[in-house]
Ligand code: PNW
């Protein structure tokens with residue numbers, strides 16, 4: 001079949017940012033080295049029954065020791081940017097007391113190595129690893145965590161702020177608040193709806209305070225939110241209301257706060273029996289605090305308010321919807337192909353989410369700061385002296401389809417400026433441990449060998465060409 005030129009020549013803007021992402025606890029390992037203090041994820045992973053297979057991030061991909069090799073790999077793939085997260089408890093082991101210079105040194109070395117390799121560093125300050133001492137003092141449900149977060153942001157900024165342009169304060173505050181404090185699927189594993197709402201507010205407040213600390217001449221400050229396309233499973237009023245509630249708590253709660261300086265009235269009404277801990281001035285501080293917005297997208301949810309539907313697939317141990325204000329909501333699979341997470345693949349949801357944000361919150365530059373898929377990758381022995389290889393056509397197809405969705409919305413005027421694949425390499429996938437592989441690069445967790453998958457080579461050629469050609473190029 002002769003393809004039209006529009007299908008075969010998909011070019012992105014020449015200054016489009018092409019990246020890949022990781023997070024500290026998922027890759028670094030070295031959890032007791034050079035003065036690092038424990039975080040809630042160390043505690044959680046070492047608590048029996050919390051992570052599949054009893055896996056922990058103790059070693060992970062040993063990136064703390066192998067970062068030079070990993071940066072060389074990024075450069076060889078042609079990435080123009082690398083999104084990583086900074087471990088708070090490496091920088092300030094107990095969250096309040098003395099600073100750990102060796103922790104800051106690691107990120108100085110990493111940033112310098114990236115810059116030398118021509119890869120822009122995109123640090124995220126919080127990817128879920130709260131110092132355990134701060135959790136012991138009340139965690140994110142306590143307002144103090146927000147102030148401590150801003151102090152920590154200042155420390156990192158003092159160390160590398162002259163060399164880093166693009167900053168992300170918090171990653172996926174929905175996950176940190178609701179998987180951490182409502183469902184208990186993530187650290188610290190609490191199940192307390194009021195605490196989860198307070199955590200959500202204090203994460204946003206912490207973002208606002210950190211943004212003030214980071215503000216500076218050349219710096220661009222953002223936050224990354226995990227957004228979902230949300231559709232009612234049917235036209236039944238219960239399902240339509242379920243979709244409003246899930247869209248409200250997962251999407252609009254964070255978008256309205258960050259971009260409009262308010263919480264949506266309907267969500268506040270859904271959770272009005274809880275005290276969120278909002279004080280005068282908080283939302284003024286949170287609103288208008290971003291220069292750009294990071295969007296993490298994985299899938300679309302079909303939801304129902306009628307009896308008997310399944311929980312969302314949020315962990316191997318997921319229970320019926322524990323989200324405050326949507327306790328009765330169920331999640332429905334509609335039969336689309338799924339990834340190894342069981343998440344249905346729907347790239348139209350990414351176009352929908354990007355378009356919605358551009359319409360409802362105009363003129364904010366957008367970045368897809370995470371998008372990708374887990375599949376059951378298999379290593380095959382190489383023939384004729386070639387090394388082992390991993391062929392992952394499903395991941396290539398997933399990213400290809402999502403990049404096409406990105407291109408379509410850019411053509412329609414959405415200010416999307418970059419794309420970061422999740423993840424650079426296989427890593428510790430939270431409650432699933434090492435059982436789920438999201439990487440462009442395969443990691444043999446016994447030998448720590450890195451094997452670029454077919455998707456890595458394919459992504460590299462996409463970057464080189466600045467877009468997509470015919471399928472498979
Ligand atoms: C994101 N859910 O996490 C994270 O930012 C990454 O660290 C993670 O590895 C990646 O997506 C893949 O899971 C999520 O249950 C984890 O809804 C769980 C959920 C959503 C996002």
Of all residues in segment 140-176, how many are in contact with a helix residue (DSSP H, G or I) (Cβ under 8 Å, 6 or more places away or on another chain), assigned to a strand (DSSP E or B) and more than 12 Å from the ligand (Cβ to nearest atom)?
2
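Tally up the residues in segment 282-308 that are assigned to a loop (DSSP other than H, G, I, E, B) and either buried (at least 21 other Cβ atoms within 10 Å of the Cβ) or without any contact (Cβ under 8 Å) to a residue 24 or more places away in the chain (or both), please.
8
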So residue 433 passes all but one of these: (1) within 13 Å of the ligand (Cβ to nearest atom); (2) touching a strand residue (DSSP E or B) at 6+ places or on another chain (Cβ under 9 Å). Which condition number does it fail?
(2)
Those residues of segment 298-314 which are within 10 Å of the ligand (Cβ to nearest atom), in contact with a helix residue (DSSP H, G or I) (Cβ under 7 Å, 6 or more places away or on another chain) and either at pLDDT 95 or above or on the phi > 0 side of the Ramachandran plot (or both) amount to 299, 301
The helices (runs of 4 or more DSSP H) lying wholly within segment 177-279 that contain at least 3 residues that are away from the ligand (no atom under 16 Å from the Cβ), farther than 24 Å from residue 44 by Cβ and touching a residue at least 40 places away in the same chain (Cβ under 8 Å) are 193-214, 237-247
Starting from segment 355-380, keep only residues that are free of Cβ contacts under 8 Å to residues at least 40 places away in the same chain, then list their pairs with residues that are more than 16 Å from the ligand (Cβ to nearest atom) and in a strand (DSSP E or B) whose Cβ atoms are within a distance under 9 Å, requiring at least 6 positions of separation or different chains.
378/390; 380/389; 380/390
Farther than 30 Å from residue 14 by Cβ and within 19 Å of the chain's Cα centre (by Cα) - does that describe any residue in segment 98-120?
no
Residues that are surrounded by fewer than 17 Cβ atoms within 10 Å (Cβ to Cβ) and more than 16 Å from the ligand (Cβ to nearest atom), drawn from segment 336-354
336, 337, 348
Any chance you could count how many residues in segment 355-384 are over 20 Å from residue 16 (Cα atoms) and either more than 16 Å from the ligand (Cβ to nearest atom) or not in a loop (DSSP other than H, G, I, E, B) (or both)?
11
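The values are calculated or read from the model by the stated rules, or taken from the named source; none is laboratory data. Everything numeric in this text was worked out from a predicted model, so none of it was measured. Note: ideal-geometry Cβ built from the backbone for every residue, glycine included; neighbour counts use all protein chains shown.
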